[in-house]
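The values are calculated or read from the model by the stated rules, or taken from the named source; none is laboratory data. Bear in mind the structure is a predicted one, so any value in this text is a computation, not a measurement. As a convention, Cβ positions derive from the backbone with ideal geometry for all residues, glycine included, and neighbour counts pool all protein chains shown. Keep in mind that these areas ignore ligands, DNA and RNA; they rest on the heavy atoms of the full protein, side chains included. Shrake-Rupley method; radii C 1.70, N 1.55, O 1.52, S 1.80 Å.
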Amino acid sequence: YLGGGINKSKNSIGVIQGYIEFLNILEKKNNIQKNKAPYLVIAGGKFQDKTKREVKEMYDLIEKENIQNNVLFTGFYEDNQKYSLLKNSFAFIHLSMYEGFGFSPIEALRTKIPTIIHPNPVYIELFKQVSNMVDGNKSKEVGELIYSIYTNPNKYKEKIEKGYNLSLKYTWQNTAKITHDVFKKVLE
């Protein structure tokens, strides 16, 4: 989970709750204990500031569920570290209730990993055909989807390829050109 911002609409708590459900399913169906389960990696410097209410809620939930050893906070990461963070994951999860665009899912699609996202209007428009959508408010469904991706990665190969191809359309070069063209047209 890469998070540039921290507020209620980002639904970081939903990510953790879904991960908790994944751990429960993993233990129940595969007898895999927490200490043998994959980590939840939460990347972003803003997740270090426990004076922010949303961040404190995350840490409190992690402690309450006794999964401190399962959740890794990377802290701030450089742009050139995103690819490695994503590529070394079995899935990307972003359950934001509202987005203006969706840079993080695009970056995840570029690394050819399955994406799990909440069906907010922008995500539906951009990613419906290439991502795995789940209601971020329903932790059991989130956990089941994480489990499915973890135990059956081949099932998601077609979406991964489609997602990768979509991600190639969204580059900083293309964005700069489109922006330049808009300004040029306005100034004519």
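Results, tabulated for the structure shown:
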| item | result |
| --- | --- |
| Reachable aspartates and glutamates, given that their alpha-carbon falls under 13 Å from the alpha-carbon of Lys138 and they are not under 8 places away in the same chain | Glu21 |
| Under 5 Å, built H, 5+ apart or other chain: amide partners of Met133 | Ile117 |
| Å² of accessible area per residue within the chain, as computed with a 1.4 Å probe and no ligands counted | 59 |
| Radius, Kirkwood style, for the chain when every pair of distinct Cα atoms is counted (Å) | 17.3 |
| Of Lys112/Lys184; Lys29/Lys155; Lys29/Lys159; Lys52/Lys169; Lys8/Lys169, those spanning more than 24 Å from alpha-carbon to alpha-carbon | Lys112/Lys184; Lys29/Lys159; Lys52/Lys169; Lys8/Lys169 |
| Convex hull projection area averaged over all views, the range 61-155, Cα basis, nm² | 7.0 |
| Calculated [θ] (222 nm, deg cm²/dmol) that DSSP helices of n ≥ 4 give over the chain, each run adding -39,500 (n - 2.57) | -15000 deg cm²/dmol |
| Square roots of five times the Cα gyration tensor eigenvalues for the range 9-72, Å | 23, 11, 10 |
| Accessible surface of the range 15-138, 1.4 Å probe, proportion on carbon and sulfur as whole % | 48 |
| Amide H contacts of Ile42 (H built 1.01 Å from N, under 5 Å, at least 5 apart or other chain) | Leu72, Phe73, Thr74 |
| Highest-fluctuation residue, Tyr170, Tyr98, Tyr147 considered, GNM on the chain with Cα pairs under 10 Å | Tyr170 |
| Amide proton proximity set for Ile93, modelled H, under 5 Å, gap of 5+ | Leu2, Ile116 |
| Sparse-neighbour loop sites [chymotrypsin sites (Phe, Trp or Tyr not before Pro); the range 14-66; at most 16 other C-beta within 10 Å; DSSP] | Tyr39 |
| Cα pair distances in the range 128-188, grouped into 10 Å bins until the bin that holds the longest one, percent each | 19, 29, 23, 17, 10, 2 |
